[in-house]
Amino acid sequence: MSAHRHMNILGTMENLPNRAWVKMAIREIHADFQRSAETHMVRMRLPATPQICLYLKDESTHPSGSLKHRLARSLFLYGLCNGWIRNETTIIEASSGSTAVSEAYFARLLGLPFIAVMPHSTSQEKIKLIEFYGGRCHFVDNPSQIRAASAELAQQIGGHFMDQFTFAERATDWRGNNNIAESLFRQLELEPDCNPVWVVVGAGTGGTSATLGRFIRYHGRDTKLCVVDPDHSVFFDCYRAGKPGAKATPGTLAQSSRIEGIGRPVVEPSFIPEIIDAMIQVPDRWSVAAMLFLEEWLGRRVGPSTGTNLIGSLELVHQMRQRSETGSVVTLICDSGDRYGHTFYNDEWRRAHGLNSKTELDQLRQFVHSGIGSPGCETCQRDQAIMS
Ligand SMILES: Cc1ncc(COP(=O)(O)O)c(C=O)c1O
């Protein structure tokens, strides 16, 4: 669509009475979806484990570059259909990452101002991407205050706080409607093992795992859902403790997760442990090693949370092999590594953050190519969790 025609539509939309504007805005989002292709499913044959196939659904190929493209679309439709977003509403989100980039994309599509509230530590690449889509970055000193600051800013300027952590599980249609689960299972239909044994994802808001877990149950599938958790996050401990609502004991998490996009200092409202069949705690050094391994394997860069996904998947492959199980395991490429050039793909930065993972990378190569060793991460299966 030419910029001029787009501006014409935006021009036209601006003067429309609100209901007509909302109608046009929803149509714009549907049209954008219609113009976009589904994300690819990459097959990864494991030389040492031919009886188990690994698949990576590549969410980095979305127009706004990550799995958050789906959530941003759902949050805009949810806000429009609830009457919370009108033709002059400023959109505000508490996010230093992928969600802000994707929401800035949709805000531009609708001609709305967008403000991302984020900590000063946000990567230059992500700030540039948000600004590329016409968004503005609003920095706060204390990372744990970004949500409160977003709500306050929305109050002050009469904007709408999208609040991904609260609404991620509500805004996404988990029954189908082209959600990530429906597309994932459809893309496996012609594969030898079209019903994967495991689907493996990380959790930031918890929205992706909630959508997958609900879809699997709603459609009566036997596939199990495994959620991986990085260092400095409470999800794994709370899942194992079986107390889903437990807040992190003050002082236990002196640091928030380093693996951008996943891991949280508190259990978020969209994280639904009841539909998770297992969780795996993945040390950050292994996530980084897996991220670097995938650069060798795929010939392009992925983000660190994809590394966390790969380790969890290989841990399950290892356990399946030990039980002589066959089948397939599916996980996600969440975003591209191009967003982490100054951080995770920088040797000095990795060394400075104690994330130089040469040993783990060697071990990973050996595991994938010759089946020796395994990541050996702590796994907690549903039936092991002490459900209160
Ligand atoms: C790069 C990346 N990976 C994974 C996730 C986890 O997704 P969710 O928020 O749906 O749990 C996020 C979330 O922000 C992310 O940005």
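The values are calculated or read from the model by the stated rules, or taken from the named source; none is laboratory data. Just so you know, these numbers come straight off a predicted model, no measurement behind them. Neighbour counts run over all protein chains shown; Cβ positions are idealised from the backbone, glycine included. Ligands, DNA and RNA are excluded from the accessible area calculation, which covers all protein heavy atoms including side chains. Shrake-Rupley method; radii C 1.70, N 1.55, O 1.52, S 1.80 Å.
Would you mind estimating how fast the chain diffuses translationally, via Stokes-Einstein at 25 °C and 0.890 mPa s with the Kirkwood radius over Cα pairs, in µm²/s? Write out the running numbers ahead of the final one.
Values: Rh = 21.4 Å.
In µm²/s, the coefficient rounds to 115.
How high is the FRET efficiency between Arg136 and Ser324 when r is their beta carbon distance and R₀ equals 45 Å, given to the nearest 0.05?
Result of the calculation: an efficiency of 0.20.
Over the C-alpha atoms of region 107-154, what are the Rg and the largest Cα-to-Cα span, Dmax, in Å?
According to the Cα coordinates of region 107-154, Rg and Dmax are 11.1, 31 Å.
Determine the gain in length on full extension of the stretch Thr166-Arg221; use 0.36 nm per residue of separation and subtract their C-alpha separation, reporting nm with one decimal.
17.1 nm
Lys57's amide H: which non-local residues (gap 5+, or another chain) put their own amide H closer than 5 Å, with H modeled 1.01 Å from N in plane and none for Pro or chain starts?
When sequence neighbours closer than 5 places are left aside, the close amide H contacts are Val42, Thr331, Leu332, Ile333.
If the limit is 26 Å between Cα atoms, which of Lys68/Lys358; Lys68/Lys128; Lys23/Lys128; Lys128/Lys224; Lys23/Lys57 go over it?
Lys68/Lys358; Lys23/Lys128; Lys128/Lys224; Lys23/Lys57
Please identify, among Arg35, Arg108, Arg70, the residue showing maximal mean-square fluctuation in a Gaussian network model of the chain using a 10 angstrom Cα cutoff.
Arg35
At 7 Å along the Cα-to-beta-carbon direction for both Glu295 and His30, put a label point, then send me their distance in nm to one decimal.
Calculated label separation equals 4.4 nm.
Between Thr359 and Arg175, what is 0.36 nm times their sequence separation minus the Cα-Cα distance? Round to one decimal in nm.
Roughly 62.0 nm would be gained on extension.
Summing -39500 (n - 2.57) over the DSSP H runs of n ≥ 4 in the chain and dividing by its residue number, what mean residue ellipticity at 222 nm do you reach, to the nearest 500 deg cm²/dmol?
One gets -13000 deg cm²/dmol as the mean residue ellipticity at 222 nm.
Using only Cα atoms, tell me the angle between helix 68-81 and the longest principal axis of the chain; keep it within 0 to 90° and round to the nearest 10.
40
Let's test the formula: R0 of 41 Å, r as the Cβ-Cβ distance of Lys23 and Glu125. What FRET efficiency results, to the nearest 0.05?
For R0 = 41 Å, the calculated efficiency reads 0.70.
Taking every pair of alpha-carbon atoms in region 67-169, give the share separated by more than 24 Å as a whole percent.
The answer is 11 percent, as a whole percent.
Name the longest site-free stretch of the chain, where the excluded sites are GluC sites (Glu not before Pro) in a DSSP loop with no more than 16 other beta-carbon atoms within 10 Å.
With GluC sites (Glu not before Pro) excluded where exposed in loops, the chain gives 190-324 as its longest stretch.
Relative to the longest principal axis of the chain, what angle (0 to 90°, nearest 10) does the C-alpha long axis of helix 304-322 take?
With rounding to tens, the tilt is 30 degrees.
May I ask you to give the solvent-accessible area per residue for the chain, in square angstrom, as obtained with a 1.4 angstrom probe?
For the chain, the per-residue accessible area is 42 Å².
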